[in-house]
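Student: Would you mind keeping the following structure in view while I ask a few things?
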Amino acid sequence: ESYQMLWQLNRNNKATRTDDLSLPFIKSIDERQDTLLPNIKEYEKVRLLKDQGKLIVGISLKPMKDSLINKKIVGEFSNALNTLSKRYEHGIHFLFFPFAKTPPKTDEEFIQSVINNLRDKDDTTIVSHTNPIAWYRAIKELTDIFIGMRYHSIIFSFQAGKPVLSIPYERKVVEFLKQFNKTNCAAVFPSQISESHIVDFIQRHSFVGR
């Protein structure tokens, strides 16, 4: 995983797992001057869309071992994004963060399965898989709402103060979520995700159309 960077940046820390380092390090990011949002084309594109008044929804998806659950996730997200694009006349842009490249299917390949089913693919952007620490800045500065499966994407979006729909896929995510009781956050397991969960959450926290 690209989060080996956290080990490199904290190599003098005695924590035994990368996950142990993530939250305290992320909390210190705002004080660092070397973690500014980089000038890359995806960010410039989304910043322009945001300046034009579009709602930016960040999304992190992760393929599961169960092919039926994967099919459900792809189907429900595809339907939800098609519904939202039509309902809000392309006033929403979906910014995907492919956090991991682990086989047999990478996050980006899984995300592409969703995008392939969309009627308006121009309403989406996939962020290049580069510096994951800069992704915290991207989530904080560019997104208005976040829907996350990956553990670090959920930490990033909580720390950035965004409304978060979490899709916890393992215990460590559930344990992290137990620390919070926020009105602008919700959670649903991958096997239970539905188009209505996604659409209702975004509508509830959206300024588009108001």
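The values are calculated or read from the model by the stated rules, or taken from the named source; none is laboratory data. Values in this document were obtained by computation on a predicted structure and should not be read as measured data. Please note: Cβ atoms are built from the backbone with ideal geometry, for glycine as well, and neighbour counts cover all protein chains shown. Surface areas here come from the heavy atoms of the whole protein model, side chains and all, with no ligands, DNA or RNA. Shrake-Rupley method; radii C 1.70, N 1.55, O 1.52, S 1.80 Å.
Student: If you go through the range 112-125 one residue at a time, do you hit one that is open to solvent by 10 Å² or more (accessible area, probe 1.4 Å) and modelled with pLDDT under 90?
Tutor: Looking for residues that are open to solvent by 10 Å² or more (accessible area, probe 1.4 Å) and modelled with pLDDT under 90, one finds none in the range 112-125, hence no.
Student: Now, a different point. Can you list residue pairs whose Cβ atoms sit under 9 Å apart, with the first residue in the range 54-70 being within 16 Å of residue 97 (Cα to Cα) and the second being open to solvent by 40 Å² or more (accessible area, probe 1.4 Å) and among the aromatic types (Phe, Trp, Tyr)? Count only pairs 6 or more apart in sequence or on different chains.
Tutor: 62/169
Student: Just checking, which of 151, 169 is touching a helix residue (DSSP H, G or I) at 6+ places or on another chain (Cβ under 8 Å), within 18 Å of residue 127 (Cα to Cα) and of a type in the set (Ser, Thr, Tyr)?
Tutor: Only one candidate qualifies: 151.
Student: Within the range 126-147, which residues are open to solvent by 10 Å² or more (accessible area, probe 1.4 Å) and within 19 Å of residue 49 (Cα to Cα)?
Tutor: Passing the criteria: 126, 128, 137, 140, 141, 144.
Student: If you don't mind, there's one more thing I want to ask. I'd like the full set of residues that are outside any strand (DSSP E or B), within 16 Å of residue 149 (Cα to Cα) and either touching a strand residue (DSSP E or B) at 6+ places or on another chain (Cβ under 9 Å) or β-branched (Val, Ile, Thr) (or both), limited to the range 63-96.
Tutor: Across the range 63-96, the qualifying residues are 69, 73, 74, 77.
Student: As an exercise: evaluate residue 171 against (1) surrounded by fewer than 18 Cβ atoms within 10 Å (Cβ to Cβ); (2) modelled with pLDDT of 95 or more and give the number of the one condition it does not meet.
Tutor: The one condition residue 171 does not meet is (2).
Student: Looking only at residues that are more than 25 Å from residue 207 (Cα to Cα) and touching a residue at least 40 places away in the same chain (Cβ under 8 Å) in the range 76-100, which one is surrounded by the most Cβ atoms within 10 Å (Cβ to Cβ)?
Tutor: Top of the filtered list is 99.
Student: With respect to the numbered conditions (1) in contact with a strand residue (DSSP E or B) (Cβ under 7 Å, 6 or more places away or on another chain); (2) open to solvent by 10 Å² or more (accessible area, probe 1.4 Å); (3) over 17 Å from residue 65 (Cα atoms), which one is the sole condition not fulfilled by residue 150?
Tutor: (3)
Student: Among 94, 99, which is the only one that is farther than 19 Å from residue 191 by Cα and touching a His at 6+ places or on another chain (Cβ under 8 Å)?
Tutor: Only one candidate passes the filter, namely 99.
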